[in-house]
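K.L.:
Shown below is the structure under consideration.
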Amino acid sequence: LLKFPPSNGLGQVSGVAVSNDGSLVYVLCRRSNKFNTKTLIQSEAIFVLDASKNGAIIKSFGSNLFATPHGLYLDNWDGLWVTDTTLHQVFRLNASDGSVSLVMGEMRKPGKGPNHFNKPTDVVVSIESSSGVDLREVFVSDGYGNSRVAVFTYEGEFTREWGSFGSGPSQFSIPHNIEIDSYNRVYVADRENGRTQIFHKNGTFIDQWNGDFEKFEGKAPYYARHLSALSYSSSLELMFLIEGTNIVVRDIAFGRNGEKVLKWHSNSRSWPHDIAIARDTNNNLNVYIAELDGKTISRYVIE
């Protein structure tokens, strides 16, 4: 998809998000940094692409903000959320110009509780409101160090959390990605346990889906049994997931319980790391995959 001019390239591509109308694709990359690099990325880490022009770059921003950018999420209010696993912080940027409107967590100080994270991985924002009252909530999957979901108001005030380390219900081994559906059910990609866990927004466990993983002859990729990421289509009531090297589509309509309706195999050596979906002007469904080691964005079109 990408037409990318900078001489040193994207580096690892960790996150992707798409505008509601499908016209803009946001790409989060690490440039020359790696997962454990300590220094800030001096060049732009976020690129905004024109989806209708095969990924032509419209603008870029995010220099000197991140060390290991990990998760990317675009909310319905022009808020572009980024998690950083080295800085142990969550950022909200203005999607139009990249200006920072909120920072959560204390830089380079991992921890627990209401004011700290430990390698947070992703963000999702609920869209609930009532009689003009702002009921938006920010759900953070936290993360490589903590094994929890932490919940905040839209302006960053801590409200609650759930989860612990392990493999039982409501336990996580790297909560790696997070989504929410129209019924306020929260979905967590429980990476090392190879499953998606589903909760009421208050943290009550509902169900889990075990991943549908590819079988390899010989040595499999490191991430072959990772449940890495998920993305929700409210119009279709479908959840799109990265399950190992497969892209899996599950039906979440009432009574369907995550029934698998479609699966295809991605580039198994590119490390598919994040996923975003949106319709285009022809009403086709575009599925965007951030390839960590492929260092690019792949686009699949479902007509």
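The values are calculated or read from the model by the stated rules, or taken from the named source; none is laboratory data. Given the structure is predicted, the values throughout are model-derived calculations rather than measurements. Here the Cβ is made from the backbone with ideal geometry for all residues, glycine too, and neighbour counts use every protein chain on show. In case anyone asks, the SASA skips ligands and DNA or RNA and just uses the protein heavy atoms, side chains included. Shrake-Rupley method; radii C 1.70, N 1.55, O 1.52, S 1.80 Å.
K.L.:
How large are Rg and Dmax for the stretch 179-303 when only the alpha carbon atoms are used, in Å?
P.N.:
14.3, 43
K.L.:
Next question. Using alpha-carbon pairs under 8 Å, 6+ residues apart, how would you state the relative contact order of the chain in percent?
P.N.:
Working: 856 pairs, mean separation 38.8, N = 303.
13 percent.
K.L.:
Oh, and also: Take the alpha carbon atoms of the stretch 140-169, find their center, do the same for the stretch 178-238, and report the distance between the two centers in whole angstrom.
P.N.:
Comparing the Cα centres of the stretch 140-169 and the stretch 178-238, I get a distance of 16 Å.
K.L.:
I need the P(r) histogram for the stretch 44-90: all alpha carbon pairs, bin width 5 Å from 0 out to the longest distance, whole percents.
P.N.:
Computed distribution, short to long bins: 5, 19, 23, 25, 19, 7, 2, 0.
K.L.:
While we're here: What FRET efficiency comes out for the pair D280/A253, r = Cβ-Cβ distance, R0 = 30 Å, nearest 0.05?
P.N.:
Efficiency for this residue pair is about 0.80.
K.L.:
When ligands, DNA and RNA are left out and all protein chains stay put, how many square angstrom of accessible area per residue does the chain have with a 1.4 Å probe? The partial results should precede the final answer.
P.N.:
Numbers: 12590 Å² over 303 residues.
Value returned for the chain: 42 Å² of accessible area per residue.
K.L.:
Could you tell me the convex hull volume per residue, in Å³, taken over the Cα atoms of the stretch 154-216? Walk me through the numbers on the way to the answer.
P.N.:
Numbers: hull volume 6.8 nm³, N = 63.
Enclosed volume per residue, from the Cα hull, is 108 Å³.
K.L.:
So for the pair R108, S235, with labels modelled 7 Å out along Cα→Cβ, what separation do we get in nm?
P.N.:
4.6
K.L.:
Further, regarding this structure: Set the Förster distance to 22 Å, then compute FRET efficiency between K34 and A220 from the Cβ-Cβ distance, nearest 0.05.
P.N.:
0.50
K.L.:
Taking every eigenvalue of the Cα gyration tensor of the stretch 1-156, multiplying by 5 and rooting it, what semi-axes result, largest first, whole Å?
P.N.:
Semi-axis lengths for the stretch 1-156 are 25, 21, 11 Å.
K.L.:
Any chance you could check the Cα centroid distance between the stretch 9-36 and the stretch 69-99 for me, in angstrom?
P.N.:
If we compute the Cα centre of each part, the gap is 11 Å.
K.L.:
Once label points are set 7 Å from the Cα along Cα→Cβ at both Y300 and K59, what is their separation, rounded to one decimal in nm?
P.N.:
Simple spin-label model gives 3.2 nm for this pair.
K.L.:
Give me the distance in nm between label points sitting 7 Å out from Cα along the Cα-to-Cβ direction at N184 and N202, one decimal.
P.N.:
Simple spin-label model gives 0.9 nm for this pair.
K.L.:
Given axes a ≥ b ≥ c from the Cα gyration tensor, I'd like to know whether the stretch 206-252 is rounded (a/c under 1.5), prolate (a/b larger than b/c) or oblate. It would help to have the intermediate numbers written out before the result.
P.N.:
Details: a/c = 2.88, a/b = 2.31, b/c = 1.25.
Cα axes put the stretch 206-252 in the prolate bin.
K.L.:
What full-extension length gain, to one decimal in nm, is calculated for N20 and W264 as 0.36 nm per residue of separation minus the Cα-Cα distance?
P.N.:
Contour length minus the Cα-Cα distance gives 85.4 nm.
K.L.:
From the C-alpha gyration tensor of the stretch 240-303, pull out the three semi-axes of the equivalent ellipsoid (sqrt of 5λ each), sorted largest to smallest, in whole Å. If you can, show how the numbers build up before the last one.
P.N.:
On the way: eigenvalues 89, 52, 15 Å².
Taking √(5λ) for each Cα gyration eigenvalue gives 21, 16, 9 Å.
K.L.:
Here is a follow-up. Among the lysines, select those whose C-alpha is under 29 Å from the C-alpha of K201, and discard any that sit fewer than 8 residues away in the same chain.
P.N.:
Within the straight-line cut-off, K201 pairs with K109, K112, K119, K260, K263.
K.L.:
Now a separate question. At q = 0.16, 0.18, 0.30 Å⁻¹, what log₁₀ I(q)/I(0) does a Debye calculation on the Cα points of the stretch 113-163 give, no solvent, two decimals?
P.N.:
Log10 of I(q)/I(0), two decimals: -0.44, -0.54, -1.17.
K.L.:
Can you tell me which of 244-254, 224-234 comes out highest on packing, and rank the rest after it, using the mean Cβ neighbours within 10 Å? Present the calculation step by step, with values, prior to reporting the outcome.
P.N.:
Working: 244-254: 18.9, 224-234: 21.3.
Highest mean packing first, the order is 224-234, 244-254.
K.L.:
Sticking with this one: Sort 204-217, 83-96, 148-161 by packing, meaning the average of other beta carbons within 10 Å per residue, with the highest value first.
P.N.:
On the way: 204-217: 14.1, 83-96: 22.9, 148-161: 17.4.
Packing proxy ranking, top to bottom: 83-96, 148-161, 204-217.
K.L.:
For S32, what accessible area in Å² do you get when you roll a 1.4 Å probe over the heavy atoms of the protein chains, rounding to the nearest 10?
P.N.:
90
K.L.:
Could you tell me whether the chain comes out rounded, prolate or oblate from its Cα gyration tensor? Rule is a ≥ b ≥ c as square roots of the eigenvalues, rounded for a/c under 1.5, then prolate if a/b exceeds b/c, otherwise oblate.
P.N.:
Rounded, since a/c falls under 1.5.
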